[in-house]
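Here the structure comes first, spelled out in C-alpha cells, and everything after it is commentary.
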Amino acid sequence: MITIQLIGVVVGLGAIHLTYLYYKRANFTKKEVLLWSTIWLTFIFVSIFPNSVRPVVGYLGLQRPMDLIMLIAFIVLFLLSFHNYAVTHRQERRLEEFVRKAALANFKKNQ
C-alpha cells in the first residue's frame, strides 16, 4: 500500500509542477492554476489518507475507496471526452465558415 501511496504523491507533485509550468508559460490563468492545484492536492491527500473517503464510499454503497476513485475517473473521462468533442465540433464549423468566406472573397476578386 505504501508503494501505491508514494506513486500517488509523486504523480500529484509532478502534476502540480506541470500546472505551474503551464502558468509560467501563460497557458493557464490564475483561476485555472487554482482549480488544478486544488484537484492535485486533493489527489495527494486521498493518496496519503485513503480512508478519508470511507464515509462517501459507504454512503454510495461501494465496497472500497478504489471503487470510488475509479467511478470518479470514469465520470471525468466521459465529461472530458464530451467537452473535447464539443470544442472540436465548434472549431470545425468556424474553420468551415472561414474557408467558405475566403473562397467566396477570392472568387469575387478574380471575376
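Assorted remarks:
- Only residues that are over 18 Å from ALA15 (Cβ atoms) and assigned to a helix (DSSP H, G or I) were counted across the stretch 51-78, and they come to 19.
- For the stretch 10-59, a residue qualifies if it is in contact (Cβ under 8 Å) with a residue 40 or more places away in the chain and surrounded by 15 or more Cβ atoms within 10 Å (Cβ to Cβ), and the qualifying residues are SER47, PRO50.
Per-residue answers, yes or no, for (1) modelled with pLDDT of 90 or more; (2) part of a helix (DSSP H, G or I); (3) over 13 Å from the mean Cα position of the chain (by Cα); (4) of a type outside the set (Ser, Thr, Tyr):
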| position | (1), (2), (3), (4) |
| --- | --- |
| ILE4 | no, yes, yes, yes |
| TYR22 | yes, yes, yes, no |
| VAL87 | yes, yes, yes, yes |
| GLU96 | yes, yes, yes, yes |
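- Of all residues in the stretch 24-40, those that are among the aromatic types (Phe, Trp, Tyr) and either under 21 Å from VAL9 (Cβ atoms) or assigned to a helix (DSSP H, G or I) (or both) total 2.
The values are calculated or read from the model by the stated rules, or taken from the named source; none is laboratory data. Because the structure is predicted, anything quoted here is derived from the model rather than measured. Please note: Cβ atoms are built from the backbone with ideal geometry, for glycine as well, and neighbour counts cover all protein chains shown.
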